[in-house]
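Engineer: Attaching a single structure in structure tokens format; questions to follow.
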Amino acid sequence: RRRNPNEQEFHQAVKEIFDSLVPFLAENPVYRKNNVLERMIEPERMITFSVPWMDDEGNVKVNRGFRVQFNSALGPYKGGLRFHPSVSASIIKFLGFEQIFKNSLTGQPIGGGKGGSDFDPKGKSDTEIMRFTQSFMTELSKHIGPDTDVPAGDIGVGAREIGYMFGQYKKLRGAYEAGVLTGKGFEYGGSLARKEATGYGTVYFVDEMLKDKGLSLKDKTVVVSGSGNVSIYAMEKAQELGAKVVACSDSSGYIYDKNGINLDLVKRLKEQESKRINEYLNENPQAEFYEGCNGVWTIPCDIALPCATQNEIDDTSAKILVSNGVIAVGEGANMPSTLEAVDVFLNNNVLFGPAKAVNAGGVAVSALEMAQNSGRISWTFEEVDAKLKEIMKDIYSTSMEASEKYGDAGNLVVGANIAGFKKVADAMITQGVI
Ligand code: NDP
């Protein structure tokens, strides 16, 4: 805390890891001897830069850009870029820190990184987005590359932004380095099923948790927060597996449709028209809209999938979910539950899937995109989806086994943290003090 003052989200992410690792570190002194945890908490590199750009009226603006290159023990830094006004050093560091363990869990050769800007894409024209992303990439391009650091999307960064950034990188380098970014359009080196991967992977993971208890998604009532990339494809897969999704949200509020969410309509509103979620009611007047985000957790459900942003479920919301009989919670977003909320779930026998395991499908398919780019090949949707499903199963079993081995059977927070940590820590020790 002394070295990283005012970085509340980063402290929260680090505390969770510390708490999980206590018994493991006590049993394995080699990690303490090599001071691995303390080395892991210090980013290998943190880059902060200015992003000047001009709006459509000719006004000159400036935002702050970030890239944290946290840990490269397992491979090139890998992690998304977030454009949202709340972005700060603390947010980028918590995301980058989590990414180290998540990427390790995927079994793919990727290190941990993250980046973004406090730029707010809401209400900006297409040309403003293009000018901003080009300026952002002008600086970022000095620090990334297919074997160095490979960014992707996150909140506020989708296929359009990746396309503009890729174009600018190509122009600056004078070379076509397809593997420098993932989440690209299919026509220029993107992977099929990358768009769906985080949401689908989230539901594959939840399905594994349920199966282990002899349960399934069939006929379960599901509440999802957000209506962005992760949420939409989590809803799609949950519906495909027979669940009824009754609610989703955006930062203005949430909709409740007791007949089940019409996903085609949500996709059109969000992916094509950039509309607010309350517009859903124009075509489905039987649905209800409520302002504010937290209320979405008051809707009774069997399965809750927080897929919007950090700390969106506090202990009050967690207690309401429990009293309404929630069976399973799968974190599609990064750190959506506060530490207190996680305790509420674990103390009430809710099947709880932590973000770094549950939402790892996105970065796993990004690593598959890198592999396809290196081999100059392209796999079918079915091939990528099958690999994703296998990876999610593996992450579940690896995390479960680690929880059993280290004395907290069934606690996937502890299991995922230990399994993710061990692989990175072993690689760091093998590579020496550098
Ligand atoms: P998108 O920008 O596509 O969607 C984000 C959604 O969450 C939108 O509906 C947005 O509403 C809502 N939201 C964002 N910020 C807030 C906020 N402060 N309060 C309430 N609602 C908010 O992002 P993604 O779907 O890509 O990302 C969602 C989460 O999943 C993030 O935590 C991200 O880090 C995580 N994640 C994403 C991966 C990916 O592959 N995309 C991979 C792994 C994790 P509005 O439009 O009104 O802002």
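Engineer: Mind checking region 46-143 for GluC sites (Glu not before Pro) that DSSP puts in a loop (not H, G, I, E or B) and that have at most 13 other Cβ atoms within 10 Å? Walk me through the numbers on the way to the answer.
Structural biologist: Numbers: sites: Glu57, Glu98, Glu128, Glu139; in loops: Glu57.
In loop regions of region 46-143 (DSSP not H, G, I, E or B), the sparsely surrounded GluC sites (Glu not before Pro) are Glu57.
Engineer: What is the gain in length, in nm to one decimal, between Asn311 and Lys405 on full extension, counting 0.36 nm per residue of separation less the C-alpha to C-alpha distance?
Structural biologist: 30.9 nm
Engineer: Please compute, over every Cα-Cα pair in region 195-349, the percentage with a separation greater than 22 angstrom. The partial results should precede the final answer.
Structural biologist: Numbers: 3954 of 11935 pairs.
Considering region 195-349, 33 percent of its Cα-Cα pairs are separated by more than 22 Å.
Engineer: Where both partners of a DSSP beta bridge lie in the chain, what percent of those bridges are antiparallel, to the nearest 5? Numbers along the way, then the final one.
Structural biologist: Values: 26 of 47 bridges.
Taking every DSSP beta bridge within the chain, about 55 percent pair in antiparallel fashion.
Engineer: Separate question: Restricting attention to region 226-304, which GluC sites (Glu not before Pro) occupy a DSSP loop and are surrounded by at most 16 other Cβ atoms within 10 Å? Show your work: numbers first, answer last.
Structural biologist: Details: sites: Glu236, Glu240, Glu271, Glu273, Glu279, Glu283, Glu288, Glu291; in loops: Glu273.
For GluC sites (Glu not before Pro) across region 226-304 that sit outside H, G, I, E and B with at most 16 neighbouring Cβ atoms in 10 Å, the list reads Glu273.
Engineer: Run the helix sum for the chain: -39,500 (n - 2.57) per DSSP H stretch of 4+ residues, divided by residue count, reported at 222 nm to the nearest 500 deg cm²/dmol. Present the calculation step by step, with values, prior to reporting the outcome.
Structural biologist: Working: 16 runs with 198 residues, N = 434.
Mean residue ellipticity, 222 nm, calculated: -14500 deg cm²/dmol.
Engineer: In the P(r) worked out for the chain, what percent of Cα pairs fall beyond 38 Å?
Structural biologist: Values: 15856 of 93961 pairs.
The calculated P(r) of the chain puts 17 percent of pairs beyond 38 Å.
Engineer: Mean separation of Cα pairs under 8 Å and 6+ residues apart, divided by the residue count of the chain: what relative contact order is that in percent? Write out the running numbers ahead of the final one.
Structural biologist: Values: 907 pairs, mean separation 68.1, N = 434.
Contact order relative to length: 16 percent.
Engineer: I need two numbers for region 1-145: Rg to one decimal and Dmax as a whole number, Cα atoms only, in Å.
Structural biologist: That works out to 17.5, 62 Å for Rg and Dmax.
Engineer: Using Cα centres only, tell me the gap between region 171-233 and region 361-392 in whole Å.
Structural biologist: 11
Engineer: Taking a label point 7 Å from the Cα of Asp56 along the Cα→Cβ vector, which residues of region 95-134 have an amide N closer than 15 Å to it?
Structural biologist: Inside the label zone: 121-132.
Engineer: Something else now. Name the residues of region 109-124 whose amide N is less than 17 Å from a point 7 angstrom out from the Cα of Arg39 along the C-beta direction?
Structural biologist: 111-112
Engineer: Suppose every Lys and Arg Cβ carries +1 and every Asp and Glu Cβ carries -1, with no other charges. What dipole size does the chain come out with about its Cα centre, to the nearest 20 debye? Provide the component values of the computation, followed by the final result.
Structural biologist: Details: 48 positive and 56 negative charges, 224 e Å.
Dipole about the Cα centre, nearest 20: 1080 debye.
Engineer: May I pose another question? Which length gain, in nm to one decimal place, applies between Arg268 and Tyr188 when the Cα-Cα distance is subtracted from 0.36 nm times their residue separation?
Structural biologist: Values: separation 80, 0.36 × 80 = 28.80 nm, distance 2.41 nm.
Separation in residues times 0.36 nm, less the Cα-Cα distance, equals 26.4 nm.
Engineer: With Cβ to Cβ distances under 15 Å as the rule, what net charge do the other residues near Gly292 carry (K, R +1; D, E -1)?
Structural biologist: Summing Lys/Arg as +1 and Asp/Glu as -1 gives -4.
Engineer: So, one more: Return the single residue from Lys170, Lys387, Lys213 with maximal mean-square fluctuation; model: Gaussian network over the chain, springs between Cα atoms under 10 Å.
Structural biologist: Of the options given, Lys213 has the highest mean-square fluctuation.
Engineer: Taking amide hydrogens as modeled 1.01 Å from N in the peptide plane, which residues meet the under 5 Å criterion relative to Met46, leaving out close sequence neighbours?
Structural biologist: Counting only residues 5 or more places away or on other chains, the set is Gln69.
Engineer: Specify which residue in the list Asn278, Gly253, Ile129 is farthest towards the positive end of the charge dipole of the chain, using unit charges on the beta carbon of Lys, Arg (+1) and Asp, Glu (-1), about the Cα centre.
Structural biologist: Ile129
Engineer: Out of Val230, Met209, Ser88, whose Cα points farthest toward the positive end of the dipole of the chain (charges: +1 Lys, Arg; -1 Asp, Glu; placed on Cβ)?
Structural biologist: Ser88
Engineer: For the chain, list the DSSP H helices whose alpha carbon atoms reach 20 Å or more along the long axis and whose average Kyte-Doolittle value is -1.0 or above?
Structural biologist: Values: long enough: 8-27 (29 Å, 0.10); 89-105 (24 Å, 0.65); 126-140 (21 Å, -0.25); 159-173 (21 Å, -0.83); 194-211 (25 Å, -0.49); 361-375 (21 Å, 0.41); 381-405 (36 Å, -0.69); 412-430 (27 Å, 1.11).
Helices meeting the criterion: 8-27, 89-105, 126-140, 159-173, 194-211, 361-375, 381-405, 412-430.
Engineer: Anyone know which of Thr138, Thr398, Thr198 comes out most mobile in the 10 Å Cα GNM of the chain?
Structural biologist: Its mean-square fluctuation being the largest, the pick is Thr138.
Engineer: If R₀ is 30 angstrom, what is the calculated FRET efficiency for the pair Ala427 and Asn294, using the beta carbon separation as r and rounding to 0.05? It would help to have the intermediate numbers written out before the result.
Structural biologist: Values: r = 40 Å, r/R0 = 1.33.
Computed FRET efficiency for Ala427 and Asn294 comes out at 0.15.
Engineer: Of Lys356, Lys220, Lys171, which has the largest mean-square fluctuation in a 10 Å C-alpha GNM of the chain?
Structural biologist: It is Lys171.
Engineer: Ok, one more. Can you list the lysines whose alpha carbon is less than 19 Å from that of Lys275, not counting same-chain residues fewer than 8 positions off?
Structural biologist: List returned: Lys122, Lys124, Lys267.
No value in this document is a laboratory result; all are computed from the given coordinates. Note that this is a predicted model, so its numbers are computed, not measured. FYI the Cβ positions are ideal-geometry reconstructions off the backbone, even for glycines, and counts take in every protein chain you see.
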